[in-house]
Amino acid sequence: MMKIGIIGAGPSGIFTAINLKNENNEVYLIDKNKEIGKKLAITGNGRCNITNIAPYEDFLDNIIRNRNFMYSSFSKFDNYSLIDFLSDNGIDTVVENDGKVFPKSMKSTDIIEMFKDIILEKKVKFISNTEVKSINKSNDFVVTTNKGEFEFDYLVLATGGKSYPKTGSTGDGYTFAKRLGHQIIDQTPSLAPIHISNGFNIKALNLRDVTLNVNLIDKLYSERGDLLLTNRFLTGPIALKAQARASRDDITDMLIDLFPNYNYESLEEILLELLIKNPKKNISNVLKEIINESLAICILDRLDIDINTKANQLEKENRKALIDCLKCLRFKAVNNTSFSSAVVTSGGVDVSEINPKTMESKLVDGLYIVGELLDVDALTGGFNLQVAFTTGYAASLAIRERI
Ligand SMILES: Cc1cc2nc3c(=O)[nH]c(=O)nc-3n(C[C@H](O)[C@H](O)[C@H](O)COP(=O)(O)OP(=O)(O)OC[C@H]3O[C@@H](n4cnc5c(N)ncnc54)[C@H](O)[C@@H]3O)c2cc1C
């Protein structure tokens, strides 16, 4: 009976295993962790944003590296196939803003329990607490682990990237793939908070529907939506998106437009009206009407405007400076993004050496590479998990067809 080894029991490895296993093969799913899906458990803050209902082309547009590589596997197993699969296996889903799909229970652990049941039922052999140290290919694949050697007819690398290394994804797959002859594209942290050097004395503040302009040396990325401002970094949906798009460049600074629906003149009118209506109020109290109080105090401090200045004493020059700040709040970036806080890894196994229909290596017969280990990454919204499931599915189908 053919023996297939899958290294890594994250979503891509699990999905390869359960779709591959039948009575004609033996499937070994090996992971250094005690349980499957350690990273899967923390996705979507423990709620697991498992996919997105975006239509075909829109979906692929959210894949920011090697989008076209995903075409053919996505046509075999797309977001709707995943939702059907979940439903067939007792997981109802709900759709939230921006098309994000979650299990109705809002618990990633329910997804993991479902996979555990299928693994058990299909008799996939889960080899836990087992760390792969090296892989050699002669006729078969010889996999050396801390618990001894395994030999496989086919091998699937599903070891993930190297972000959040405490989950077990420590980048080992890059070394294995390289030793087997593959080109590895440099990795950078993606979907990570952007660190700032001139932060405000604010622990955390949600800014709703703002525009973030991220300046690079020769480019600019603009995103509109929600942002989380802290004293050390910018995070939240639009900051993560902008960082992902800029992950291979140095960010110089970031400009936040707190009032994207108003141009400079109309915002000035609003502020003037408030100042005239409340002549004896402190400027910080007036600003409180349109922005968060702590933010107002920080902005006034940055502009060297006394917070106790009465509205009717605010000089024209300071009023102009205030509006400039509300339309263009500037933070300087510190380019020290780390893998430990990045949602995904950008870079990985060069996809020009992988068959996009089957995920098989074009260099090593019988070797398949799936999931985040590939040089494919996407924005937030459930797209990265879908990439893991889709590539895992494609590999499982291809291997099943060969044996
Ligand atoms: C905090 C956080 C939140 C996220 N939220 C979402 C979300 O809501 N939606 C979304 O789409 N994506 C999300 N992602 C991204 C998503 O989790 C990953 O893209 C996805 O898990 C990748 O799956 P994978 O199977 O390729 O790799 P992984 O999930 O990284 O799994 C790889 C497995 O390989 C094992 N392994 C590695 N090396 C070895 C070795 N030498 N020997 C044995 N085992 C090994 C690891 O222990 C690990 O279990 C999130 C990521 C993070 C960090």
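Looking for something of a type in the set (Lys, Arg) and crowded, with 17+ Cβ neighbours inside 10 Å - is there at least one such residue anywhere in region 65-74? The answer is yes; a qualifying residue exists.
Does any residue in region 311-324 that is of a type in the set (Gly, Ala, Ser) come within less than 7 Å, Cβ to Cβ, of a residue that is assigned to a helix (DSSP H, G or I) and surrounded by 17 or more Cβ atoms within 10 Å (Cβ to Cβ) six or more places away or on a different chain, and which pairs are these? Taking only residues 6 or more apart or on different chains, the pairs are ALA311/LEU275; ALA311/ILE283; ALA311/VAL286.
Please work out which residue is farthest from the ligand (Cβ to nearest atom), limiting yourself to region 195-205 and to residues that are buried (at least 18 other Cβ atoms within 10 Å of the Cβ) and either among the polar types (S, T, N, Q) or assigned to a strand (DSSP E or B) (or both). Reasoning before the result, please.
Going residue by residue through region 195-205, those that are buried (at least 18 other Cβ atoms within 10 Å of the Cβ) are 195-196, 200.
Retained after the next criterion (residues that are either among the polar types (S, T, N, Q) or assigned to a strand (DSSP E or B) (or both)): 195-196.
Working: HIS195: 18, ILE196: 21 Å.
If we take residues in region 195-205 being buried (at least 18 other Cβ atoms within 10 Å of the Cβ) and either among the polar types (S, T, N, Q) or assigned to a strand (DSSP E or B) (or both), then ILE196 is farthest from the ligand (Cβ to nearest atom).
Is there a residue being over 28 Å from the mean Cα position of the chain (by Cα), small (Gly, Ala, Ser) and in the same structural domain as LEU295 (by TED's automatic domain parsing) anywhere in region 318-332? There is at least one residue in region 318-332 that is over 28 Å from the mean Cα position of the chain (by Cα), small (Gly, Ala, Ser) and in the same structural domain as LEU295 (by TED's automatic domain parsing).
Would you check if LYS327 is touching a Phe, Trp or Tyr at 6+ places or on another chain (Cβ under 8 Å), surrounded by fewer than 20 Cβ atoms within 10 Å (Cβ to Cβ) and closer than 25 Å to SER222 by Cα? Even if it seems obvious, please write down each step before you answer.
Working: touching a Phe, Trp or Tyr at 6+ places or on another chain (Cβ under 8 Å): yes; surrounded by fewer than 20 Cβ atoms within 10 Å (Cβ to Cβ): yes; closer than 25 Å to SER222 by Cα: yes.
Yes; evaluated as a whole, the condition is true for this residue.
Reported count of residues in region 1-47, each being assigned to a strand (DSSP E or B), more than 9 Å from the ligand (Cβ to nearest atom) and either surrounded by fewer than 24 Cβ atoms within 10 Å (Cβ to Cβ) or among the aliphatic types (A, V, I, L, M) (or both), is 9. Remark: ALA192 falls outside the filter, which requires a residue to be small (Gly, Ala, Ser) and either away from the ligand (no atom under 16 Å from the Cβ) or closer than 30 Å to ASP304 by Cβ (or both).
Taking (1) within 18 Å of PHE200 (Cβ to Cβ); (2) of a type in the set (Phe, Trp, Tyr); (3) not in a strand (DSSP E or B) in turn, TYR262 satisfies each apart from (1). The set of residues in region 362-388 that are under 17 Å from LEU155 (Cα atoms), within 15 Å of the ligand (Cβ to nearest atom) and either of a type in the set (Val, Ile, Thr) or out of contact with any strand residue (DSSP E or B) (no Cβ under 7 Å at 6 or more places or on another chain) (or both) comprises ILE369, VAL370, GLY371, ALA388.
For region 213-223, a residue qualifies if it is in contact with an Asp or Glu (Cβ under 9 Å, 6 or more places away or on another chain) and more than 17 Å from ALA192 (Cα to Cα), and the qualifying residues are ILE217, ASP218, LYS219. Taking each residue of region 20-34 that is in contact (Cβ under 8 Å) with a residue 40 or more places away in the chain and looking for partners that are of a type in the set (Asp, Glu) and within 16 Å of the ligand (Cβ to nearest atom) with beta-carbon atoms closer than 8 Å, six or more apart or interchain, yields LYS32/GLU131. In the set (1) surrounded by fewer than 21 Cβ atoms within 10 Å (Cβ to Cβ); (2) over 30 Å from GLU151 (Cα atoms); (3) among the hydrophobic types (A, V, I, L, M, F, W, C), the condition left unmet by ILE50 is number (1).
A search for C-beta distances below 7 Å between a residue of region 62-73 that is outside the structural domain of ARG248 (by TED's automatic domain parsing) and within 13 Å of LYS357 (Cβ to Cβ) and any residue that is among the β-branched types (Val, Ile, Thr) and crowded, with 20+ Cβ neighbours inside 10 Å, counting only pairs 6+ apart in sequence or on different chains, returns PHE69/VAL351; PHE69/VAL376; MET70/ILE63; MET70/VAL376; MET70/VAL387; MET70/THR390; SER73/THR390; SER73/THR391.
One residue alone among THR235, THR175, THR252 is among the hydroxyl-bearing types (Ser, Thr, Tyr), surrounded by fewer than 19 Cβ atoms within 10 Å (Cβ to Cβ) and either under 22 Å from the mean Cα position of the chain (by Cα) or farther than 30 Å from LEU40 by Cβ (or both), and that residue is THR252. Of all residues in region 118-174, those satisfying the criterion of being β-branched (Val, Ile, Thr) and within 10 Å of the ligand (Cβ to nearest atom) are ILE127, THR130, VAL132, ILE135, VAL143, THR145, THR159, THR167, THR170.
The values are calculated or read from the model by the stated rules, or taken from the named source; none is laboratory data. On a predicted model such as this, the values are computed, not experimentally measured, just so you know. Note: ideal-geometry Cβ built from the backbone for every residue, glycine included; neighbour counts use all protein chains shown.
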